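The structure appears right after this line, and notes come after that.
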Amino acid sequence: MTDTSAAPELVIPQLIVGLGNPGAKYDKTRHNIGFEAIDLLARSWGISISENRKFQAAFGEGRGPHGDKIRLLKPLTYMNLSGQAVRATTDWFKLPPESVLVIYDDMDLAVGKIRLRLSGSAGGQKGMKSAIAHLGTQDFPRLRIGIDSPKNLAAANNAADKDTVSHVLGHFSKAEAQIMAEVLQMVLSAVELSLKQGVAKAMSLYNSRSVAADDRIA
């Protein structure tokens, strides 16, 4: 008889990927919050990131806050081809999918919230869809950062699609930007805990937290 009460295996990230689009016109947009998270991790841990053509990405490796080797990646393939860079990197370093933590934006979460999960579907996020396709599994951890949804979307029509694109490629308001600065610090803390005690532990502490006093930005 199988023992189902055994503690789950500890999932410790070895490669942290932030999703976004390359180029100055996408800098600081909602869709690029994954890139901003990687930049913050790199600064905090003193890791230099530079273009790596072999990986089709900006890449850096060094030591995390607890002394373990960690690798940081920002795919430069544009969002919907992100999986190419992820797969090239995992193949080169012979990393299993469960050691890859992907950080990206999520319209289904309010600004001020983050969510960690050990596995799951792409949820409509094209970068994650590409990562799942190239890794051949959805069983790898991810950290979603709330960017909120565009207000008053018409139900499933072209106007809604246009509003969605302009929303994700738009910039945060001044009030939202202040909250996002705190959110990124929360992301840093959650990732550092994941590296020390595993993703599941970080999930239990950070999935219920919110930077904003209210669930939604007015």
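All of the numbers you see were taken from the coordinates with simple rules; none came from a lab. For clarity, every value in this text was computed on a predicted model and none was experimentally measured. As a convention, Cβ positions derive from the backbone with ideal geometry for all residues, glycine included, and neighbour counts pool all protein chains shown.
Below is a table of values for the structure above.
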read-out	value
Footprinting exposure proxy for Leu109, Leu10, Leu195, Leu73 (fewest neighbouring C-beta atoms within 10 Å first)	Leu10, Leu109, Leu195, Leu73
Amide H contacts of Asn52 (H built 1.01 Å from N, under 5 Å, at least 5 apart or other chain)	Ala57, Ala58, Phe59
Tilt relative to the chain, helix 82-93 - C-alpha long axis, 0 to 90 degrees, to 10	10 degrees
Lys, Arg +1 and Asp, Glu -1 on Cβ, resulting dipole of the chain about Cα centre, debye, nearest 20	360 debye
Candidates Ile33, Ile145, Ile12: whichever shows maximal mean-square fluctuation once the chain is modelled as a Gaussian network with Cα springs under 10 Å	Ile12
Most to least packed among 176-186, 111-121 [average Cβ atoms within 10 Å]	111-121, 176-186
Ascending count of other beta-carbon atoms within 10 Å, so fewest first, for Lys196, Lys94	Lys94, Lys196
Listed candidates [x] 18.1; [y] 24.6; [z] 17.6 - label of the one calculated as Kirkwood radius over Cα pairs in Å	[z]
Angle between the chain longest axis and helix 126-135 axis [Cα atoms, degrees, rounded to 10]	20 degrees
The stretch 15-206 - percent relative contact order, Cα under 8 Å, separation 6 or more	24 percent
